[in-house]
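Just below is one structure, and these are the notes that go with it.
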Amino acid sequence: MTSYIARRVLIGVLLLLFMSVIFFALTRLTPGPPFTQGENPRTHQELIDKRIHALGLDRPWYEQYPAYLNALLHGSLGDSYQYKKPVSTLLVERVPNSVILLGTSLLISLGIAIPLGIFAATRQYSKVDMATSVISYVGISVPSFVLGIFLLIFGAIYLRKLTGNTFAFPLFGMHRGDDQSFLDLVVHMVLPVTSLAILTIAGFSRFMRSSMLEVLHQDYIRTARAKGLSGRVVNYKHALRNAILPIITLVALQIPQLVSGAIITEGIFSWPGMGLLAFQATVDRDYPVILAVVMLVAFLTVLFNLLADVSYAVVDPRIRY
Amino acid sequence: MAEKETPVPRSLLGGDTYTKAVAAEQELRMAHADEDLVTTEIPEGAELGFWKLAGLRFLRHRVATVSLAVLATIAVLAIFVPILQGNLYRDQDYRNGYGQPFLFHARQLTLPAGIAVTVPWTDHLLGTDDLGRDELARLIRGGRVSLEVGLLAMLGYLIIGGSLGAIAGYYRGFLDNLLMRFTDMIIAMPFILVVVAVTAALGGVTLQTLILVIAFTGWYEIGRLMRAQFLFLRESEFVQAARALGASDFRIIFRHILPNSLTPIIVSATLGVSGIILLEAALGFLGYSIPYPEPSWGNMLQGFEDKLLRDQNYLVVFPSLALVTTALCINLVGDGIRDALDPRQR
């Protein structure tokens, strides 16, 4: 077990190193310098060249990379070109916003999808089951931006007309002006959370249903029924415990995504999270920010994959590494 | 399939009658011994091959059949209509921007016989967009882009993922490790950012680069599936038998394992096409798919805020509807194929 974990950690570190090389090269190989967008067109070319030279961006990427890696290993992510402040400060500002948004949506969708999946599985081919699969089909086929736009149309525009200009969900942002109250946050969260949750519910309920069905067809469940235990006890005590295990792993693997944010949904609702930050950074060619986000997400993914595999071995003594 | 004949219960005929009947049947059989009795005794269904049976099972799946018909219609429209329409999708008419959909006006038509009739007519069935371009023409042309990207990128997945997965699963060892680590890496990367960064590094998006970038970054799922199939099948008894008979690796891979590994690959590939179409649309929505004036369902939704604020919701509704319909139909067809190919797995 120890040697397995050591090997996995080693592979993970190598993987992250490799990824940093690839992304570093990718950003540097993009044609053109990074300060062409959003800069005053009357800025003297000399000034731009000076800045590029100061950052070392005029050298080939393989000469820049060691400096970047050195700084990274010393815990420095560099300064953002656009925001003109340390990337770490930027991450500290943005990560909580994404975690709030995606965490809420994850909790809500689990709260709905798990009972829905169980209900559909225990009453296979019933009307509820059919309805669940229809919902999950539609959910899988609707892209997040379409859902987001339609929620905006109905929740923000038509609702305002319906209520005669008195109430509508806000079109964008986390807070209205300087209002930092919790209630304001909740009102701003309704539409983006709904849009994220519907899609997650579709996937999770399908997964929960098939996981539960698989368990329900096993011999020990038949034995439990044959012993005369009530359906409720069999379903919820014997079957659920085993059926919910894969879901827990799935949720564990979703945690890195809480930090990485949702690019499209955050974009539509102008939610100041990590997804929007990463996308803006890509558009603006803010290299330190792009690299920081990608490496952070990669680090968390590798970490949680390892944790998931190890916890499997802990929970299930049959698995040996 | 023909129904099995239910044998007449013995008690009904009585002992004596029964033996007589058996004797009569024997006689009949002897008389027709020269005819190939063996084939005539096999029920009809078994004569059909695996694929024909699967096809029949698919057709019995009503939802999937209807979805396939809808998809076929979309495909035919997307392939042929743009040829007839020429440049209609990019012809701008500034004075008629935001033309409303389904607006009919009376139009005098002169029939060949010289009779004048008045018919309801519309120049732009689904209206025009902000620059006065025909929305229907753009929608149809956008469908062409979506289907092209979806199918060609999936072909790329199959070629790259299929071959690498097969080699990794069959030979295992170093290559297998490399493939799995690559997969880990891709999964650890934010996919949309990767596509955006790579296309930027390639210096702008064209249809070709988009397809190539998607194919080279997204093949891992097919690759993993193929690897799993090969890992499983290479240990199976029929492959061991083939190996014992001295079959070469090439023969084992292409004659024995590949045909048996296709079922999940076909299903996953079908469902994957809708995933690619949605991905392309998402990129278009973000402004990183093919550039204007070429329409795609994604980039038609770009700048949606402007359209919503001007109350021109139809410009948002039509592309969304096209996208969702196509994706839903592909998913339903994929599910129908799964049921048809593997009726046990439901």
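The values are calculated or read from the model by the stated rules, or taken from the named source; none is laboratory data. These numbers were taken from a predicted model, which means no experiment stands behind them. All Cβ positions, glycine included, derive from the backbone under ideal geometry; neighbour counts span all protein chains shown. Note: areas computed on protein heavy atoms with side chains; ligands, DNA, RNA excluded. Shrake-Rupley method; radii C 1.70, N 1.55, O 1.52, S 1.80 Å.
Out of (1) away from chain B (no Cβ under 14 Å); (2) under 30 Å from A:Phe172 (Cα atoms); (3) not in a helix (DSSP H, G or I), the odd one out for A:Asn97 is which?
(3)
For B:Leu278, state whether it is crowded, with 23+ Cβ neighbours inside 10 Å, in contact (Cβ under 8 Å) with a residue 40 or more places away in the chain and in a helix (DSSP H, G or I).
Taking the combined requirement at face value, the residue satisfies it.
Find the residue count for the range B:274-330, including only residues that are facing chain A (nearest Cβ under 8 Å), among the hydrophobic types (A, V, I, L, M, F, W, C) and closer than 19 Å to B:Gln100 by Cα.
4
Please work out which residue is modelled with the lowest pLDDT, limiting yourself to the range A:191-206 and to residues that are open to solvent by 40 Å² or more (accessible area, probe 1.4 Å) and within 18 Å of the chain's Cα centre (by Cα). Step through it out loud before you land on a result.
Our first condition is that a residue be open to solvent by 40 Å² or more (accessible area, probe 1.4 Å); within the range A:191-206, this holds for A:194, A:198-199, A:206.
Subsequent filtering for residues that are within 18 Å of the chain's Cα centre (by Cα) retains A:194, A:198-199.
On the way: A:Thr194: 90, A:Ile198: 89, A:Leu199: 86.
Going through the qualifying residues, I end up with A:Leu199.
Scan the range B:223-234 and give yes if some residue there is surrounded by fewer than 19 Cβ atoms within 10 Å (Cβ to Cβ), among the small types (Gly, Ala, Ser) and away from every other protein chain (no Cβ under 14 Å), otherwise no.
Taking every residue of the range B:223-234 in turn, at least one turns out to be surrounded by fewer than 19 Cβ atoms within 10 Å (Cβ to Cβ), among the small types (Gly, Ala, Ser) and away from every other protein chain (no Cβ under 14 Å).
Pairs please, first residue from the range B:235-253 and within 12 Å of B:Tyr170 (Cα to Cα) and at pLDDT 85 or above, second anywhere and open to solvent by 90 Å² or more (accessible area, probe 1.4 Å) and of a type outside the set (A, V, I, L, M), Cβ atoms under 8 Å, 6+ apart in sequence or on different chains.
Filtered contacts from the range B:235-253: B:Ile252/B:Arg243.
List the number of the failed condition for B:Val333; all other conditions in (1) of a type outside the set (Lys, Arg); (2) open to solvent by 30 Å² or more (accessible area, probe 1.4 Å); (3) in contact with a Leu (Cβ under 9 Å, 6 or more places away or on another chain) hold.
Single failed check for B:Val333: (2).
Would you confirm whether or not the range A:209-220 contains a residue that is loosely packed, with under 14 Cβ neighbours inside 10 Å, assigned to a helix (DSSP H, G or I), free of Cβ contacts under 8 Å to residues at least 40 places away in the same chain and within 24 Å of the chain's Cα centre (by Cα)?
no
Does the range B:149-159 contain any residue that is under 30 Å from B:Asp93 (Cα atoms), aliphatic (A, V, I, L, M) and modelled with pLDDT of 85 or more?
Within the range B:149-159, one or more residues are under 30 Å from B:Asp93 (Cα atoms), aliphatic (A, V, I, L, M) and modelled with pLDDT of 85 or more.
Examine the range A:221-230 for a residue that is away from every other protein chain (no Cβ under 11 Å) and touching a residue at least 60 places away in the same chain (Cβ under 8 Å), and state whether such a residue exists.
So far as the range A:221-230 goes, no, none of its residues is away from every other protein chain (no Cβ under 11 Å) and touching a residue at least 60 places away in the same chain (Cβ under 8 Å).
Quick grid of which residues meet (1) of a type in the set (Phe, Trp, Tyr); (2) modelled with pLDDT under 85:
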{"position": "A:Leu250", "(1), (2)": "no, yes"}
{"position": "A:Glu266", "(1), (2)": "no, no"}
{"position": "A:Phe269", "(1), (2)": "yes, no"}
{"position": "A:Asp286", "(1), (2)": "no, yes"}
{"position": "A:Phe304", "(1), (2)": "yes, no"}
{"position": "A:Asp309", "(1), (2)": "no, yes"}
{"position": "A:Val314", "(1), (2)": "no, yes"}
{"position": "A:Ile319", "(1), (2)": "no, yes"}
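Is it the case that some residue within the range B:83-102 is more than 23 Å from B:Pro295 (Cβ to Cβ), of a type in the set (Phe, Trp, Tyr) and open to solvent by 30 Å² or more (accessible area, probe 1.4 Å)?
no
Please list, ordered by first then second residue, the pairs with beta carbon atoms under 8 Å, 6 or more apart or interchain, first in the range A:237-250 and in contact (Cβ under 8 Å) with a residue 24 or more places away in the chain, second open to solvent by 60 Å² or more (accessible area, probe 1.4 Å) and of a type outside the set (S, T, N, Q).
Hits for this filter: A:Ala243/A:Glu214; A:Leu245/A:Val315; A:Pro246/A:Phe207; A:Ile247/A:Phe207; A:Thr249/A:Tyr312; A:Leu250/A:Phe207.
I'd like the residue in the range A:1-21 that is open to solvent by 50 Å² or more (accessible area, probe 1.4 Å), within 17 Å of A:Thr301 (Cα to Cα) and touching a helix residue (DSSP H, G or I) at 6+ places or on another chain (Cβ under 9 Å) and, out of all such residues, is farthest from the other protein chains (Cβ to nearest Cβ).
The extreme case among them is A:Ile5.
Please tell me if A:Val87 is aliphatic (A, V, I, L, M), without any contact (Cβ under 8 Å) to a residue 12 or more places away in the chain, surrounded by 14 or more Cβ atoms within 10 Å (Cβ to Cβ) and touching a helix residue (DSSP H, G or I) at 6+ places or on another chain (Cβ under 9 Å).
No, not satisfied.
Taking the conditions exactly as written (buried (at least 16 other Cβ atoms within 10 Å of the Cβ) and free of Cβ contacts under 8 Å to residues at least 12 places away in the same chain), does A:Ser141 satisfy them or not?
yes
Those residues that are open to solvent by less than 50 Å² (accessible area, probe 1.4 Å) and among the β-branched types (Val, Ile, Thr), I need them from the range B:160-178; list them, please.
B:Ile160
Among the listed residues A:Ser98, A:Ser195, which satisfies the condition of being within 27 Å of B:Ala322 (Cα to Cα), in contact (Cβ under 8 Å) with a residue 12 or more places away in the chain and of a type outside the set (Lys, Arg)?
Numbers: A:Ser98 fails: within 27 Å of B:Ala322 (Cα to Cα).
Among A:Ser98, A:Ser195, only A:Ser195 is within 27 Å of B:Ala322 (Cα to Cα), in contact (Cβ under 8 Å) with a residue 12 or more places away in the chain and of a type outside the set (Lys, Arg).
Take B:Thr118 and tell me if it is buried (at least 21 other Cβ atoms within 10 Å of the Cβ) and without any contact (Cβ under 8 Å) to a residue 40 or more places away in the chain.
It is false that B:Thr118 is buried (at least 21 other Cβ atoms within 10 Å of the Cβ) and without any contact (Cβ under 8 Å) to a residue 40 or more places away in the chain.
Can you name the condition, by its number, that A:Ser126 falls short on among (1) away from every other protein chain (no Cβ under 14 Å); (2) crowded, with 21+ Cβ neighbours inside 10 Å?
Condition not satisfied by A:Ser126: (2).
Among the numbered criteria (1) in contact with an Asp or Glu (Cβ under 8 Å, 6 or more places away or on another chain); (2) part of a helix (DSSP H, G or I), which single criterion is violated by B:Ser289?
Unmet for B:Ser289, out of (1) in contact with an Asp or Glu (Cβ under 8 Å, 6 or more places away or on another chain); (2) part of a helix (DSSP H, G or I): (2).
Checking B:Arg181 against (1) more than 30 Å from A:Leu26 (Cα to Cα); (2) of a type in the set (Lys, Arg); (3) open to solvent by 70 Å² or more (accessible area, probe 1.4 Å), only one condition comes out false. Which one?
Status for B:Arg181: all satisfied but (1).
A:Met274 - would you say it is buried (at least 20 other Cβ atoms within 10 Å of the Cβ), away from chain B (no Cβ under 12 Å), on the phi < 0 side of the Ramachandran plot and of a type outside the set (Ser, Thr, Tyr)? First the steps, then the outcome.
Values: buried (at least 20 other Cβ atoms within 10 Å of the Cβ): yes; away from chain B (no Cβ under 12 Å): no; on the phi < 0 side of the Ramachandran plot: yes; of a type outside the set (Ser, Thr, Tyr): yes.
Spelling it out, it is not the case that A:Met274 is buried (at least 20 other Cβ atoms within 10 Å of the Cβ), away from chain B (no Cβ under 12 Å), on the phi < 0 side of the Ramachandran plot and of a type outside the set (Ser, Thr, Tyr).
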